[in-house]
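Nothing in this text is a laboratory measurement; each read-out follows from the coordinates by a stated rule. Small disclaimer: the values here were computed from a predicted structure and weren't measured. With ideal geometry, Cβ positions are generated from the backbone for all residues, glycine too; neighbour counts draw on all protein chains shown.
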Amino acid sequence: MRLLSVLLPLVLVGYVLNKLYSTWLPTNYVFDWQTINQLCNGVIAQTDFAAEDYSGELFLQNVRDALASHYGDHLINEYAREKWVFNNAGGAMGQMIILHASISEYVIIFGTAVGTEGHTGVHFADDYFTILSGVQRAALPYAVEPEVYTPGQTHHLRKGYAKQYSMESGSFALELAQGWIPAMLPFGFLDTFSSTLDVYTLYRTVELTARDMFKNLVVNRKF
């Protein structure tokens, strides 16, 4: 009976959140993965990656600016080196800069200068991963050949699914997640306690995420 009294409220909460996921929650969305894909492809098309003066940092800044020109104040953060943080999750390590964070959505640039591989996690959200540079490979448990995503393509990880993935060195992507974002946060935090012990990175990630969520919820009234 005691176990049932604990499980029943959890099941009820899960049921309600799942119903809201496809009904009320989408009414709060600001971003659209297809629009983001088009904006990213526009920047990619205008970039000469073979040029002697090519700058990967300037390229990523141009991606951020292209999104800001379309979405305006919804993209809270400017592009700045000090706003980049490491991200350890699912055994993979990368770098990210948070461009928007709310209860229902986040937008980040995520990538790796040296390459990485790991588990995507299982999330209460849909994740849209538009490749900007490099290559991402992914696979479901039964796959014998990888899915391959190259610049301009968007990898959609559906709610409740999990994949193995890898990114070669120099791979970066614009990531849009839409769903119950707080439920995704433990996946991004737990490696700190189980392996890295990088408390400073955890602090910076929590600070940046909480600040943006608070600003969107209280100031911008954006859920």
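From the list Asp126, Asp48, Asp53, which one is touching a Lys or Arg at 6+ places or on another chain (Cβ under 7 Å) and of a type in the set (Asp, Glu)?
Result: Asp126 is the single residue among Asp126, Asp48, Asp53 that is touching a Lys or Arg at 6+ places or on another chain (Cβ under 7 Å) and of a type in the set (Asp, Glu).
Looking at (1) without any contact (Cβ under 8 Å) to a residue 40 or more places away in the chain; (2) touching a helix residue (DSSP H, G or I) at 6+ places or on another chain (Cβ under 9 Å); (3) within 26 Å of Asn41 (Cβ to Cβ); (4) not aromatic (Phe, Trp, Tyr), find the lone condition where Gln178 falls short.
If we test Gln178 against (1) without any contact (Cβ under 8 Å) to a residue 40 or more places away in the chain; (2) touching a helix residue (DSSP H, G or I) at 6+ places or on another chain (Cβ under 9 Å); (3) within 26 Å of Asn41 (Cβ to Cβ); (4) not aromatic (Phe, Trp, Tyr), just (1) comes out false.
Here is a list of conditions, (1) outside any loop (DSSP other than H, G, I, E, B); (2) out of contact with any Pro (no Cβ under 9 Å at 6 or more places or on another chain), and Lys159 meets all of them except one; can you say which number that is?
Here Lys159 clears every test but (1).
Which one is nearest to Ser102 (Cα to Cα), of the residues in segment 18-66 that are among the acidic types (Asp, Glu) and under 18 Å from the mean Cα position of the chain (by Cα)?
Asp32
Given the structure, is Ile103 surrounded by fewer than 21 Cβ atoms within 10 Å (Cβ to Cβ) and in contact with a helix residue (DSSP H, G or I) (Cβ under 7 Å, 6 or more places away or on another chain)?
Yes; evaluated as a whole, the condition is true for this residue.
Do you know which residues across segment 188-199 are more than 15 Å from Met96 (Cα to Cα) and assigned to a helix (DSSP H, G or I)?
Once the filter is applied, which keeps residues that are more than 15 Å from Met96 (Cα to Cα) and assigned to a helix (DSSP H, G or I), segment 188-199 yields Leu190, Asp191, Thr192, Phe193, Ser194, Ser195, Thr196, Val199.
Suppose we filter Glu207, Glu168 for residues that are out of contact with any Asp or Glu (no Cβ under 8 Å at 6 or more places or on another chain) and surrounded by 13 or more Cβ atoms within 10 Å (Cβ to Cβ); which single one remains?
Checking each option against the conditions leaves just Glu168.
I'd like the residue in segment 183-223 that is touching a Leu at 6+ places or on another chain (Cβ under 8 Å) and of a type in the set (Val, Ile, Thr) and, out of all such residues, is farthest from Trp24 (Cα to Cα).
Ranking the candidates gives Thr192 first.
Name the residue that is farthest from Gly42 (Cα to Cα), counting only residues in segment 128-151 that are assigned to a strand (DSSP E or B) and of a type in the set (A, V, I, L, M, F, W, C).
Ala139
Met93: more than 19 Å from Leu190 (Cα to Cα) and aliphatic (A, V, I, L, M), yes or no?
No.
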